[in-house]
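S.K.: Have a look at this one.
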Amino acid sequence: GICSMATFGEDCCPYTCGLCSGLHIDCNKMPCSAGRQWPKATDGQVYINYEFQGVPANIVKIFKYAAKQWESKSCIRFTQSWTMPRILVSYTAGAGACTCLPVGFPGMGKETTMDVGCSNNMNDWGLITHELGHALGMNHIHKRPDVS
């Protein structure tokens, strides 16, 4: 899992971190990760930098709330910083959709880009929580290798 190993192909819903607990994610001990996992620090935490580019203050607040949901149930810690690797969060007004590319760890010195244009108010925090799951390396359940 993301908190027990920093290699691709481990469980996408690691029970050791409790990533699934309370987040309505269907946990199945199958390698369903679409992307590489973010590296684990020697203290057992996974530190992920993020920064905003053109994101309205109300959407920044929603993003930070969604990040706290992950932090409260896992060993993942988000830090606002321009330092790479990072998640670069943008906002395309009126897009009606959110995106996150690549899924998972982008590699050292690189960034994951996330557009949170699907969010309009605090009720949309679940949408950003979902996109953060992609940034962590999780794919949609129908993309799992055991789903036909």
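S.K.: Whether any residue in the range 57-68 is farther than 17 Å from Asn121 by Cα, touching a residue at least 40 places away in the same chain (Cβ under 8 Å) and hydroxyl-bearing (Ser, Thr, Tyr) is what I want to check.
M.R.: First, the residues of the range 57-68 that are farther than 17 Å from Asn121 by Cα: none.
No; the residues of the range 57-68 include none that is farther than 17 Å from Asn121 by Cα, touching a residue at least 40 places away in the same chain (Cβ under 8 Å) and hydroxyl-bearing (Ser, Thr, Tyr).
S.K.: Still on this model: Restricting to the range 63-92, count the residues that are closer than 17 Å to Val46 by Cβ and either crowded, with 17+ Cβ neighbours inside 10 Å or in contact with a Ser or Thr (Cβ under 6 Å, 6 or more places away or on another chain) (or both).
M.R.: 11
S.K.: How many residues does the range 73-110 contain that are in a strand (DSSP E or B) and at pLDDT below 95?
M.R.: First, pick out the residues of the range 73-110 that are in a strand (DSSP E or B): 76-80, 86-90, 99-101.
Filter again for at pLDDT below 95, leaving 99-101.
Number satisfying all stated conditions: 3.
The values are calculated or read from the model by the stated rules, or taken from the named source; none is laboratory data. All values reported here derive from a predicted model rather than from experimental measurement. Here the Cβ is made from the backbone with ideal geometry for all residues, glycine too, and neighbour counts use every protein chain on show.
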